[in-house]
Amino acid sequence: MKLLSSILLATSIALLPATSAFAVKPTGATQVKMQKLSINKASIDQLTQLPGIGESKAKAIVEHRKKQGPFKSVEQLKEVKGIGDKLFAKLEGKITL
């Protein structure tokens, strides 16, 4: 009976989920949280970090902002020359106002 109790206890402990004390902590490199980039505030250098945005498109975004004022929606970014539906789809989730 004692042996059966010990086996059941050992099995129960093995099936418990790992607690935070035993969990593997992510390293600094994996802790980086992707923040959305503000298309109304970002510099040319910051905009070039977005997928599909090179220096010329980044300059066009900044120029559009200067001429038209701040973007009122992220979808308005499609008004910038060279940014169509496909590129916008890559940017969605990575940009904000």
#### Entry: Calculated from backbone phi, Karplus (6.51, -1.76, 1.60) coupling profile of the stretch 53-62 in Hz, x at Gly/Pro
10, x, 4, 5, 6, 4, 5, 5, 5, 5
### Label-point separation, GLN35 to GLU92 (7 Å along Cα→Cβ), nm
2.5 nm
### Query
What net charge is computed for the residues neighbouring THR48, neighbours being all others with C-beta under 11 Å from the C-beta of THR48, Lys and Arg scored +1, Asp and Glu -1?
0
### Query
Amide H neighbours of SER38 under 5 Å, counting only residues 5+ apart in sequence or on other chains, H built in-plane at 1.01 Å?
THR96
### Area of SER73 that stays accessible when all protein chains are in place (1.4 Å probe, Å², to 10)
40 Å²
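The values are calculated or read from the model by the stated rules, or taken from the named source; none is laboratory data. Because the structure is a prediction, the values reported are computed rather than measured. Please note: Cβ atoms are built from the backbone with ideal geometry, for glycine as well, and neighbour counts cover all protein chains shown. What goes into the accessible areas is simple: the full protein's heavy atoms, side chains included, and nothing from ligands, DNA or RNA. Shrake-Rupley method; radii C 1.70, N 1.55, O 1.52, S 1.80 Å.
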